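J.: Dropping a structure here in structure tokens format, bear with me for questions.
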Amino acid sequence: MGRILAALLAGSTAASPLMAQNHDQMDHSQMDHSGHQMPAEEAEAEVDHSQKDHGDEEAKPVDHKQMDHGAMGHDSPAPAPSAAIRNAGTGPPNAADAIWGTEAMRASREAVYAEHGDMRMFWFQGDRLEYRARGGEDGYLWDVQGYYGDDINKFWFKSEGEGSFGEPVEDAEVQALYSRAIAPFFDLQAGVRQDLTGPKRTHAVIGIQGVAPYMFEVDAAAFLSTKGDLTARIEAEYDQRITQRLILQPRAEMNLSAQDIPELGIGSGIDNLELGLRLRYEIVPEFGPYIGVEQEWKLGGSRDFARAAGEDASVTNYVVGVRFWF
Amino acid sequence: MQKTNMKFSRRSMIGSLAALSGVAALPMPGWAMGKMTGHGGGLVRKGMDELSGAKIDLHIAGGRFATGGRSGDAIAVNGTVPGPLIRLKEGEPTLLSVHNMLDVDSSVHWHGLLLPFQFDGVPGISFPGIRPGARFDVPLTPRQSGTYWWHSHSGLQEQAGHYGPIIIDPAGPDPVSYDREHIVLLSEFTPMHPHNIMKKLKVSEGYFNRQKTSATDDYPLSAEERLMWGRMRMMPTDIADVSAPTYTYLVNGHGPEDGLELAYRPGERVRLRIINGSAMTFFNVRLPGLPMTVVQADGQNVRPVEVDELQIGVAETYDVIVTPKSDGAFALAAESMDRSGMAQAVLTSQPGHKASFPALRDPPLLTMVDMGHGGMDHGSHGTNTATAVDDGQMDHAAMGHAMPDAAPADAAGGHDMGAMDMSGGMNMRDTSLLPDSVKVGPGIDMVAMNPQDRTGYPGLGLDDVPHRVLNYRMLQSIDMDHHKREPEREMVLHLTGNMERYMWSFDGRKFSAVGDDPIRFGHDERVRVKLVNDTMMAHPIHLHGMFFELVNGQGHHQPKKHTVIVQPGSSATFDVTTDEPGDWAFHCHLLYHMHAGMMQTVSVAFPEGV
């Protein structure tokens, strides 16, 4: 059967120039396929009646015009029907208004637009919630963020902090940002940061967050405090899947400062550097406990401040924690 | 609004209210349609009943659906998922009454049916939607025949089970001869709420993909290639946005564990009416050991072509004839394109016969061609039907048409770009290649550099299988178009998206941004529309209300379709005669792509004096 079909196909393509020139001689064999039960006579009738193709639309006068053109022959393509009106209108499509009423359509139209592209999403992520074992008092850290908004405009909030057990919280901050998609993979973010510890400074924030080439997740921001101090923070992390659920995540963070800020123990230049490696098992994509290690160095002036305060300038944290989102 | 509906219904229904209730039994044994017994306790039945006659009532209501040990909320129509088969006859009027018993708005779109636009069933475009408790009447006299389907066009209801098949029998003898027929309606079930799926897609790229590249995968990718994909921030495994195990794939509402059986007797010509009624899944359909003769595509008869496998895009239909010669059982395997799962039914001559299903094949990977770097990878893509194309070309040359249907021409065309320079500075997003009509913004993460017509491509993962696979260039309409008009104008529309943000649009503009500026056509214009896919996903693009002819090199036998797959990084072209006035939806039929904004209104002017 396959061979027959192939032959038919081959025959039909070879014959088509002829068919185009002379329909009366249309090769009936082409209409009489093994897969179709229509007898040859009927096939002929169907083929010869050019109306068949247009029969569905016979109610419309314009189609009759079309048929006339067809009868004139094919060598020149049928001209555009003179009756065709361009839809020169502007504004919303409104054909349905004439039938169902403008008011009824307006509501459903607004709804359908909003539904197809303007949905807003809420997302919350605990990127790092971890216990940190280290020399001296063990500590903890949180690093969470979330947003609410549409594809382009979002309200974005972030909070991170850390401390040692048995002591007051060492560092804590919250950020409230307006985030706008400016490129396929990056958002521009601007807003305020409030420190919740120490001198409880307030900062203006401007930054970018997104996915860099090679799939690095990047978050970089500059902070200008109400005291006029300029600092910056750059974070990058990368998910290397080992299996579909087991993920090795290298992470780097660097803090910079444009000036010495003695009351915060920050020296100008590179303030500190953190390099971490976390091995996560995603029980579900939304929930993955992890273990890891993170090394933190204070550098330059910050190192000097730390030493002067009797603190270690270099700390190794063995971490266990969980990453989740919803 | 409810009032308006009713008033209109009454007015338009005068003369056709001789309401015959048309619930009829199927002309085949119950087990053949896979009717399962013993379901109760609020569970919806697995489809399908059949409705026909002058009045057909559809009741949309909620329920619970269960298969394979999982259950979840569903929307059933007349108590089943899929909803009932609506069986009509060409030329015979019927009244379709849709009753919305949900507590939210609903709708029914008659996919592929020619009818006045106000009955097309798209809330906000063709009508206001059906309010809870309201009824919507659609008077219909079919002016076509073939296999179609219906589904909700409200929210994400289609995912939950609100869909069903339509068969319109021809007024005259059916040119397709067959002894028995079965509907093969492919879809998905998930216990996850569709809104939740949408959210996961938005906030977490690749959430549903359990076949990602990893340090321990066995994908045939070199380290260099892996780096290249990483540099582009894209994944070669981005084949399906949602897949198994989130989805259980269904045939006629039956999961693999439900053991759906379709009957045959040896020697019969069995017509399978394959409908892809899924929300997000392309299926590779085959019956190992049984060739399929494709006789219809999207409800339109085509010249019979025998294949061993075909890929069916979301919302497409294919009718195939199979002729099993002897007693036995054949596996009807519909493997998801990403090969994460399979919809299964058994074509069997004896109830209870088991067929052995083929194992899932290795998942395919995207290539440079899928990024629009056509011509760089001839070996595996697009060249397998060069012959068919050439024939088409010759055909036209002989006819001396001024404008040849040249679209499927140059599989090997142009662009020498230091092929396979994986590590080099290839620009994946050269927006200068885009026309002014495209709005460049964060919603576009890729621009196809050299998009080729790939209508000769059988679909992802099927270009290197050792048997015959259908592709679009093999489709020829039965009816010859004697009066084929040349296009009066050409339109280029870019399919655009951002995987990471899950933004999808036409020409860089989501429906939410551009709804009030529809694509406008004059009445009875002849337009050539070229769709350029600037994304790495295959999009099944559906035009409501009108059939278009696929420009596939088949001259006066270009097949008519309502849905066309535009392969990743490539183009597809259709000609359309805009002879159905009114406002029509035009969208990607991947449900969550449409919902994300890949949709537009096509507004066709009314003829003068109407």
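J.: Counting only other residues whose beta carbon sits under 12 Å from that of A:Ile270, what net charge do I get with K and R as +1, D and E as -1?
T.: 0
J.: Can you give the Rg/Rh ratio of region B:286-361, where Rg is from the C-alpha atoms and Rh is the Kirkwood radius?
T.: Checking Rg against Rh, the ratio lands at 0.97.
J.: If you don't mind, another one. For region B:75-175, taking Cα atoms only, what is the radius of gyration to one decimal and the Dmax to the nearest whole Å?
T.: Cα only, region B:75-175: 13.4, 44 Å (Rg, Dmax).
J.: Under a Cβ-only charge scheme (Lys and Arg +1, Asp and Glu -1), can you give me the dipole magnitude of region B:47-92 about the Cα centre, in debye to the nearest 20?
T.: 160 debye
J.: For a label point 7 angstrom out from the Cα of A:Gln244 toward its Cβ, which stretches of region B:231-251 have the backbone nitrogen within less than 14 Å?
T.: Label zone hits: B:237-248.
J.: Taking the Cα centre of region A:225-276 as the origin and placing charges on Cβ (Lys, Arg +1; Asp, Glu -1), which of A:Gly276, A:Ile234, A:Leu248 is farthest toward the positive end of the dipole?
T.: Highest projection toward the positive end goes to A:Leu248.
J.: So, by mean Cβ neighbours within 10 angstrom, what's the order for B:289-302, B:462-475, B:551-564 with the highest one leading?
T.: Output ranking for B:289-302, B:462-475, B:551-564: B:551-564, B:289-302, B:462-475.
J.: Less than 10 Å Cβ to Cβ from A:Leu248, Lys/Arg counted +1 and Asp/Glu -1: what total charge do the surrounding residues give? Before the final figure, lay out each step's value.
T.: Numbers: positive: A:Arg241, A:Arg278, A:Arg280; negative: A:Asp239.
Result for the neighbourhood of A:Leu248: +2.
J.: With a sphere of radius 12 Å drawn around the Cβ of A:Glu237, what net charge do the other residues whose Cβ falls strictly inside it have (Lys, Arg +1; Asp, Glu -1)?
T.: Neighbour charge sum, excluding A:Glu237 itself: -4.
J.: Can I ask one more? Within a 10 angstrom radius of each residue's Cβ in B:509-515, how many Cβ atoms of other chains show up on average? Whole number is fine.
T.: 6
J.: Could I ask something else about it? In peptide B:553-559, how many Cβ atoms from other protein chains are near each Cβ within 10 Å, on average?
T.: Neighbouring Cβ atoms belonging to other protein chains average 3 per residue here.
J.: Turning to a different aspect of this structure: Which peptide among B:210-221, A:270-281, B:276-287 comes first, and what is the full order, when sorted by highest mean count of other Cβ atoms within 10 Å? Mind dumping the intermediate values first?
T.: Numbers: B:210-221: 14.7, A:270-281: 18.1, B:276-287: 25.8.
Most protected by this proxy first, the peptides run B:276-287, A:270-281, B:210-221.
J.: Taking beta carbons within 10 Å but only from partner chains, what does the mean come to for residues B:191-203? Working shown, then result.
T.: Details: counts 0, 0, 0, 0, 1, 0, 0, 2, 5, 3, 1, 6, 9.
Taking the mean over all residues of the peptide, I get 2.
J.: What shape does region A:214-256 have by the C-alpha gyration tensor, where a ≥ b ≥ c are the square roots of the eigenvalues, rounded means a/c under 1.5, and otherwise prolate means a/b greater than b/c and oblate the rest?
T.: Prolate, since a/c reaches 1.5 and a/b exceeds b/c.
J.: Which of the peptides B:42-48, B:598-604, B:195-201, A:248-254 is most tightly packed, and how do the rest follow, judged by the mean count of other Cβ atoms within 10 Å per residue?
T.: Result, highest mean Cβ count within 10 Å first: B:598-604, B:42-48, B:195-201, A:248-254.
J.: Then there is this: With 29 Å as the limit, write out which pairs from B:Lys46/B:Lys354; B:Lys199/B:Lys530; B:Lys199/B:Lys439; A:Lys298/B:Lys199; B:Lys510/B:Lys530 have Cα-Cα distances beyond it, or answer none.
T.: Table pairs above 29 Å Cα-Cα are B:Lys199/B:Lys530; A:Lys298/B:Lys199.
J.: Continuing with this model, one more query. Put +1 on the Cβ of every Lys and Arg and -1 on every Asp and Glu Cβ in region B:253-372; which of B:Val322, B:Met368, B:Asn284 then has its Cα farthest towards the positive end of the dipole?
T.: Projecting each Cα onto the dipole axis, the largest value belongs to B:Val322.
Every number here is computed from the coordinates shown, using simple stated rules; none is lab data. Everything numeric in this text was worked out from a predicted model, so none of it was measured. Counting neighbours? That spans all protein chains shown, and the Cβs are built from the backbone with ideal geometry, glycine included.
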